[in-house]
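What follows is a single structure, written as structure tokens, with notes after it.
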Amino acid sequence: MSYQQEYQASIDDPESFWAEKAKLLSWYKEPENVLSVDENGIHRWFADGEMNTCYMALDYHVENGRGDQLALIYDSPVTDQKKSFTYSELRDEVALCAGMLKHQGVGKGDRVVIYLPMVPEALISMLACARLGAIHSVVFGGFAPPELAVRLDDAEPKAVLTASCGIEINRIIEYKPMVDEAFRIANHKPEVCIVLQRPQASAAMQAGRDIDWHEALASAEPADCVPVKGTDLLYILYTSGTTGKPKGVVRENGGHAVALKYSMTAIYDMQPGEVFWAASDVGWIVGHSYIVYAPLLHGCTTVLYEGKPVMTPDAGAFWRVISEYGVKAIFTAPTAFRAIKKEDSEGKLAAQYDLSCLQTIFAAGERLDPPTYDWLCETYKVPVLDHWWQTETGWAIAANMHGLEPMPVKSGSSTMPVPGFKVKILDEQGKQVAANKQGFITIKLPLPPSCLTTIWGDVDRFKSSYLETYPGYFNTGDGGYMDDDGYLFIMGRVDDVINVAGHRLSTGEMEEIIAKHPMVAECAVIGRHDDLKGQLPMGFVLLKDSAQASNEQIVEELIAMVRQEIGAVAAFKEAHIVSRLPKTRSGKILRKTLRCMVDGEPYTVPSTIDDPASLDEIKAQLGL
Ligand code: COA
Ligand code: AMP
């Protein structure tokens, strides 16, 4: 079927379209009520279907002849370890881990926070939660204790799973002291903390609360899959919003499984038995969907890579993994390719490996900038496909539907809306804009399966954040345009969210932290362009008249505060003390104007500016 036919079918009759796709999975009870509206007026998929995501991802394949096929390959250059699991082995490991959690009282609907590095236990414990009908919430290892504490308080988990350490290239990052600190500052105190002791660091254990992972596993009995409804939650994944409080994006079992299974053929052109590699981290949405769930739901082999694109040991690392395991499609963020390009611009390291298995390179997480796209095409000679998505959807909103009908690529575009997504570009008044004109990117309701149906515990915030700006539409927070051929160009966020090395961060949150410094009167944080990481945060800070320290010292303190509160991943390393902040007469800081000025992009100074000289002053101070 052509892309256009498939897309049109999904728009004309979404219920029949998705009911058909749902049949590709093995349900305990197939859904009859395909699309319904809940008590909050929100569309829900497959409400009366009964299933278990872990069953669909593991047991089903074992029962249907894939038991001896590899399910998971763990490759860890930072520990010099490699390990693989067949579907049977992985099912057994997951069942045992589920038994360990069950023994600790974890059951259907309970939350479990997972704060683990890229080790097999991360994937195993996510699937173990799914097996029990429990809801996991994975927290990325680069986040600091206060971020973990906010998630503990919001998700109120029964258990926390962690490890003694993670490894960043050659640095040991001790996780357990961070978990202890999060337990100390959080109001909600989980009953149990299960700790994976890694040889690289030994975690101090707190009697009565902490349990050794291996000891607990040794006495565990395997647990069976617990049936859940299609609308029961599989996980909560927190993502940055415009304020300090992250949003708990919820994902339902049914829609998630159906959408991801569909995506594996329609978007990624993968067949069961083939090897798929998402070079991301399980702490992010790409890791959830395409390291863990989608490849396994589809019967593929997935790769869990504990390393970096460079320095572990060199910029040939990705190509080594691809050739060693016969990876057919790789998926990562453009920043990873920019890091490789910086060190191996001629692709000499890649040339050392047999890459004949590699058929496609997929990029997402940030815009695939044309220079990186051109370089990838020239160097690796396979199709390079950008696709656009967010934590809120869990899969691509726009893509080149490679498994349906590969379309000509336009550099800088993520191609066309994926079936199910009615993408509309609106102006401030909510009117659709003409082709080639930039506006706010929205999706007409109902959203297709897998998209969030609320924010954990806060349906009002869900509605005010996403649904109220343009009634009848989901507001993505991204801006961009569609060209005459219907190709979508994502130009960046239109809110206080920035994208640093493919990591989504909130400048609003950074401002809240900086404003806590006793000498700071006011501040603005913007995301400035960076050749490697895409964007980097940059602060402008106005001090109180009473401030009594050197500017250098204050800047140092601010950088340390952001690192302590959010974590190293915030990469906040640049702040400027200014004597005035450019504002409108109504007091709104001109962040967008500042960003354009810093990035050397054209900008117009709004007529409502209160003090035009404030911009000139900053320009002179930064030597622009
Ligand atoms: N645990 C602890 N610390 C972590 C961490 C983790 N899981 N991940 C990152 N950090 C730390 C880093 O060590 C670094 O600390 P530093 O400031 O002390 O050096 C900081 O957080 C920033 O990390 P990062 O943004 O990753 O920068 P980097 O310079 O270490 O590496 C890249 C740059 C491009 C190589 C790296 O960002 C990368 O591989 N990106 C791939 C993108 C990706 O996976 N995106 C996910 C969505 S697809
Ligand atoms: P996250 O929720 O962490 O996946 O981040 C989602 C945000 O990343 C989106 O709202 C976009 O701003 C950005 N993004 C993701 N993929 C792309 C892409 N292919 N092109 C442009 N921006 C992207």
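The values are calculated or read from the model by the stated rules, or taken from the named source; none is laboratory data. Bear in mind the structure is a predicted one, so any value in this text is a computation, not a measurement. Cβ sites come from the backbone with ideal geometry, for glycine too, and all protein chains shown count toward neighbours. The area values use the complete protein model at the heavy-atom level, side chains included, leaving out ligands, DNA and RNA. Shrake-Rupley method; radii C 1.70, N 1.55, O 1.52, S 1.80 Å.
Structure notes:
- Sparsely packed loop sites in region 521-624 (the GluC sites (Glu not before Pro) outside DSSP H, G, I, E and B with at most 16 other Cβ atoms within 10 Å) comprise GLU574.
- Sequence-distant residues sharing a close amide H with ASP530 (under 5 Å, placed H): GLN535, LEU536
- Using the Cβ of SER76 as centre and a radius below 11 Å, the other residues enclosed give a net charge of 0, where K and R count +1 and D and E count -1.
- Residue-averaged [θ]222 nm for the chain, counting only DSSP H segments that reach four residues, each worth -39500 (n - 2.57): -8000 deg cm²/dmol
- Antiparallel bridge percentage (DSSP; both residues within the chain; nearest 5): 60 percent
- Range of Cα positions in region 501-622 per principal axis (Å), largest first: 39, 38, 24
- Integer Hz, Karplus 6.51/-1.76/1.60 couplings in order for region 7-18, x for Gly and Pro: 4, 4, 4, 5, 8, 5, 9, x, 5, 5, 4, 7
- At R0 = 22 Å, FRET efficiency that the Cβ-Cβ distance of ALA435 and MET491 yields, to 0.05: 0.90
- Environment charge of GLU392, counting only residues whose C-beta is closer than 12 Å and scoring Lys/Arg +1, Asp/Glu -1: +2
- Flagged links, alpha-carbon separation over 26 Å, of LYS261/LYS342; LYS29/LYS261; LYS247/LYS583; LYS83/LYS108; LYS308/LYS573; LYS381/LYS444: LYS261/LYS342; LYS247/LYS583; LYS83/LYS108; LYS381/LYS444
- Linear extension gain, MET205 paired with ASN64, 0.36 nm per residue minus alpha-carbon span: 46.5 nm
- Residue-span extension gain [ALA620 to GLU20] - 0.36 nm each, minus C-alpha spacing: 209.9 nm
- Reachable aspartates and glutamates, given that their alpha-carbon falls under 15 Å from the alpha-carbon of LYS158 and they are not under 8 places away in the same chain: ASP110, GLU191, ASP210
- Each label was represented as a point 7 Å from its Cα along the Cα-to-Cβ direction; for LYS108 and GLU346 these points are 6.3 nm apart.
- Summarising the label geometry, the points placed 7 Å from Cα in the beta-carbon direction at ASP458 and ASP38 lie 1.6 nm from one another.
- Derived scalar couplings ³J(HN,Hα) [region 282-288; Karplus, 6.51 cos²θ - 1.76 cosθ + 1.60; whole Hz; x for Gly, Pro]: 4, x, 10, 5, 4, x, 4
- Accessible-area order (highest first, 1.4 angstrom probe) of the listed residues MET561, MET56, MET311: MET311, MET561, MET56
- Here LYS619 is the anchor, and the aspartates and glutamates within straight C-alpha reach of less than 12 Å, apart from those fewer than 8 places off in the same chain, are ASP599.
- Its relative contact order, with pairs defined as Cα atoms under 8 Å and 6+ residues apart, puts the chain at 12 percent.
- Extended-chain gain in nm, criterion 0.36 nm per residue less alpha-carbon gap, CYS357 and GLU378: 5.8 nm
- Here r is the Cβ-Cβ distance between ASP483 and ASP427 and R0 is 22 Å; the resulting FRET efficiency, rounded to 0.05, is 0.80.
- Mean sequence separation of contacting Cα pairs (under 8 Å, at least six apart), scaled by the length of region 501-622, corresponds to a relative contact order of 22 percent.
- Amide H contacts for HIS576 (H built 1.01 Å from N in the peptide plane; partners 5 or more residues away or on another chain; cut-off under 5 Å): GLY539, PHE540, VAL541.
- With the whole protein complex present, ASP495 retains an accessible surface near 50 Å², based on a 1.4 Å probe.
- The percentage of C-alpha pairs in region 288-443 whose separation is greater than 21 Å is 50%.
- Phi angles across region 446-461 convert, under the Karplus curve 6.51 cos²θ - 1.76 cosθ + 1.60 with θ = phi - 60°, into 3J(HN,Hα) values of x, 6, x, x, 5, 6, 4, 10, 5, 9, 3, x, 8, 5, 5, 5 Hz, Gly and Pro given as x.
- The charge dipole of region 229-326, taken about the Cα centre with unit charges on the Cβ atoms of Lys, Arg (+1) and Asp, Glu (-1), comes to about 380 debye, rounded to the nearest 20.
- The equivalent ellipsoid of the chain has semi-axes of 36, 30, 25 Å, largest first, where each one is the square root of 5 times an eigenvalue of the Cα gyration tensor.
- Annotation: lysines with alpha-carbon distance below 17 angstrom to LYS245 (same-chain offsets under eight excluded): LYS463, LYS516.
- Charge tally in the Cβ shell below 10 Å around ILE559, where Lys, Arg are +1 and Asp, Glu are -1, ILE559 excluded: -1
- Each Cα pair under 8 Å and six or more residues apart adds its sequence gap; the mean of these over the residue count of region 506-569 is a relative contact order of 31 percent.
- With the simple spin-label model, which puts each label point 7 Å out from Cα in the Cβ direction, the LYS516 to ASP92 separation comes to 4.8 nm.
- Accessible surface of region 501-622, 1.4 Å probe, proportion on carbon and sulfur as whole %: 49 percent
- Solvent-free Debye calculation, one equal scatterer per alpha-carbon of region 373-433: log10 I(q)/I(0) at 0.21 Å⁻¹ equals -0.92.
- Annotation: PHE183 carries an accessible surface of approximately 10 Å², with a 1.4 Å probe and no ligand, DNA or RNA atoms counted.
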